[in-house]
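These notes are about the structure you will find just below.
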């Protein structure tokens, strides 16, 4: 079932909601569930995830059938929790000094049995698009004029779609052509994930939920990592950019039939090689942990802002 | 978004793929493969984009080793576009880029001389 198909949360039954939530309350509070972008349930060597435990399944279709919740919404919630979960010490556990972690249960509590949540992820995507097009967005200086124009065109088409208008496929094709011509692979390195997100979502709003979550996860990771640069020296900022250049080179490198990278994409990137070396990573580990800790409040503010938006959309559904 | 992604096995290969009048997009996957699961929404979306033009199927590479061998699958996810005896491996992994790649591949398969 796609996110846009009609469905009823918890089959419309408050007793089903109570029973399913009971499965996750205690293990979530005990931090034995680990948020993940996959449905993890009884996989070898992998801790169960919140959503995997809620539906007691690894299967996307079975999850939706059992819970009446779009699987993409569940995985989006886990995507928002994952970066904070990893950085919050166990003593700051749920209900303590890490309010963002309480979102793990809050979003489930906020669901009205019988609600159709199919448009929550698309509306959240629209919120993100409008946010990243704002001039005060943290990564705004790294979004090229071409991609900004693509983003504005997508937002305009989504608005018309939500107003009930049928958009001609040719209009979408023009936007995608512009996105491909703008070429995310050549975007400023801090803008690469924004450009990729814009390229991926250049489709009708009702059709993007499944792909949005994966590309949003990379975008959020990149955004939170950027917030760390406020606590870095100039040299550390340059090193971070070289690391991103290296990651991007690996991500876009040509691959053979088996998916292995042809050649060494870092061969011509000695600075990327240096900062990605085990020696560099080991020697800077302690300092980077201090940077992450210093940036933690700013990161939590970002995630809290996003979870508040998502909670509002769930409550409105 | 009503187009269906059909599961194909060694047993149903002939009917669903070899004898298909439409080009067939095959997604070789396995349930343990994270990148395969991440790609699934894109494959489902492609089925809707090409509804009526291309048949989109998925093949569990663990359960269908003969099919995986036949199409030279060495790693998953592995996407291949097939028409009659022609097969083109697809390398992109987002809907936007795959549509661009598939449209080019379709032109080569359907109008090889053009």
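Checking each residue in segment A:1-44 for being closer than 23 Å to residue B:40 by Cα and without any contact (Cβ under 8 Å) to a residue 12 or more places away in the chain picks out only A:44. The set of residues in segment A:176-198 being buried (at least 24 other Cβ atoms within 10 Å of the Cβ) and within 7 Å of another protein chain (Cβ to nearest Cβ) consists of A:179 alone. Inspection of segment A:214-228 finds no residue satisfying the criterion of being modelled with pLDDT under 95, more than 17 Å from the chain's Cα centre (by Cα) and within 14 Å of another protein chain (Cβ to nearest Cβ).
Scanning segment B:10-50 for residues that are farther than 22 Å from residue A:39 by Cα, more than 9 Å from every other protein chain (Cβ to nearest Cβ) and in contact with a helix residue (DSSP H, G or I) (Cβ under 8 Å, 6 or more places away or on another chain) turns up B:10, B:13, B:23, B:24, B:25, B:26, B:46, B:50.
Yes/no per residue for (1) assigned by TED's automatic domain parsing to the domain that holds residue A:82; (2) surrounded by fewer than 17 Cβ atoms within 10 Å (Cβ to Cβ); (3) under 24 Å from residue A:121 (Cβ atoms); (4) modelled with pLDDT of 95 or more:
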{"site": "A:13", "(1), (2), (3), (4)": "yes, yes, yes, yes"}
{"site": "A:23", "(1), (2), (3), (4)": "yes, yes, yes, yes"}
{"site": "A:32", "(1), (2), (3), (4)": "yes, yes, no, no"}
{"site": "A:38", "(1), (2), (3), (4)": "yes, no, yes, no"}
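Across segment A:1-38, the qualifying residues are those that are in a loop (DSSP other than H, G, I, E, B) and over 30 Å from residue A:162 (Cα atoms), and the one among them that is farthest from the chain's Cα centre (by Cα) is A:30.
One residue alone among B:54, B:88, B:26 is within 20 Å of residue A:210 (Cα to Cα) and surrounded by 14 or more Cβ atoms within 10 Å (Cβ to Cβ), and that residue is B:26. For segment A:46-74, a residue qualifies if it is within 11 Å of another protein chain (Cβ to nearest Cβ), closer than 20 Å to residue A:85 by Cα and surrounded by fewer than 17 Cβ atoms within 10 Å (Cβ to Cβ), and exactly one does: A:46.
The values are calculated or read from the model by the stated rules, or taken from the named source; none is laboratory data. Here the structure is a predicted model, which is why all the values come from computation and not from measurement. Because the Cβ atoms are built from the backbone with ideal geometry, glycine has one as well, and the counts that use them run over all protein chains shown.
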